[in-house]
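Presented below is the structure to which this report refers.
Values in this text are rule-based calculations from the coordinates and carry no lab data. Nothing here was measured: the structure is a model prediction, and the numbers come from that model. Virtual Cβ from ideal backbone geometry, glycine too; neighbours counted across all protein chains shown.
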Amino acid sequence: MEQAWRQVLTPAADSLNRQWQRAIVSHWNQDFAGRYPFKDTPNDASLPLLAKYLRDDGRISQFIATNLAGVLEREGRYWVADTMNTQGLTVNPAFLRALNRLRDVADTAFASGDAGVHFELMAKPARDVMKTHLVIDGQQLEYFNQKERWQRFSWPDEQWQPGASLSWTSTQNMERILADFRGSWSFIRLLEQAQVTQLDSSSFMLQWQAPDGLPLHYLMRVEQGKGPLALLALKNYRLPGQVFLTGKAISDAEEYRDNADE
């Protein structure tokens, strides 16, 4: 009976897959293919364009509301399949994971509709390091082993001076540059180079390793989620082309699930 019901529903599933590919995936690929953070290139993805997909009234949410109402539902922050309304249909697990990864990013970095996240940084002393100098979109934090204090930052900053750099001065050498990026995603590129340790629900330790082996430490305190670190979830991200699995893909998924359960 289930197999027969699937055969009846397969054309509908295939049709919705094609709609998803035409309405969302093809445009997403045109807008972001070959651009950071979706690919490791010097070319940055447009933040305003990304916001058009991710905000609450954006293209992806509109597609779900128009085409998948009753099939998907929200449980807290995340999308899940409505099991009552998807009998005979197999929602692609990769599709749900991809949606919910975007949900994490949207809730943290696009909560107001446009890209924007606020956080605080505190430089920490390190052995043989006399001074560190961090610049994020024109906002500067200079630390030369004075009393530690929190400093507030915004990304992207309203001054719109896109760029991020980190330099240090050791007891043995003059000031040297660890990293210097230009473009709207510069700070995220810099964060990608850091070793990140989560300390509690809102605090993280960031450590960059200088070429001379000296560690450069900063504490980060965020307002929501992982703050700007949430954007790292978009590194090499790909939007799946199928909402529903059909044909052989269902058998493969069920076999994988059965093997995982053993």
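Assorted remarks:
- Taken along the Cα-to-beta-carbon direction at a fixed 7 Å, the label points for residue 128 and residue 12 span 6.8 nm.
- Using a Förster distance of 51 Å, the FRET efficiency for residue 118-residue 173 (Cβ separation, nearest 0.05): 0.90
- Sum of -39500 (n - 2.57) over DSSP H runs of 4+, divided by residues of the chain (222 nm, nearest 500): -9500 deg cm²/dmol
- Note, ³J(HN,Hα) from phi for the stretch 84-95, Karplus 6.51, -1.76, 1.60, rounded to Hz, x at Gly and Pro: 5, 9, 10, 4, x, 10, 10, 5, 4, x, 5, 5
- Shape call, the stretch 183-237: gyration tensor on alpha carbons, a/c limit 1.5: oblate
- The modelled label-to-label distance between residue 56 and residue 94, using points 7 Å beyond Cα along the C-beta direction, is 3.2 nm.
- Rough spin-label spacing in nm, given labels placed 7 Å along Cα→Cβ, for residue 101 and residue 238: 1.0
- Within the chain, percent of DSSP bridges classed antiparallel, to nearest 5: 95
- Extension gain for residue 22 to residue 161 (0.36 nm times residue separation, less C-alpha to C-alpha distance): 46.5 nm.
- For the stretch 117-223: relative contact order, % (alpha-carbon pairs under 8 angstrom, 6 or more apart): 30
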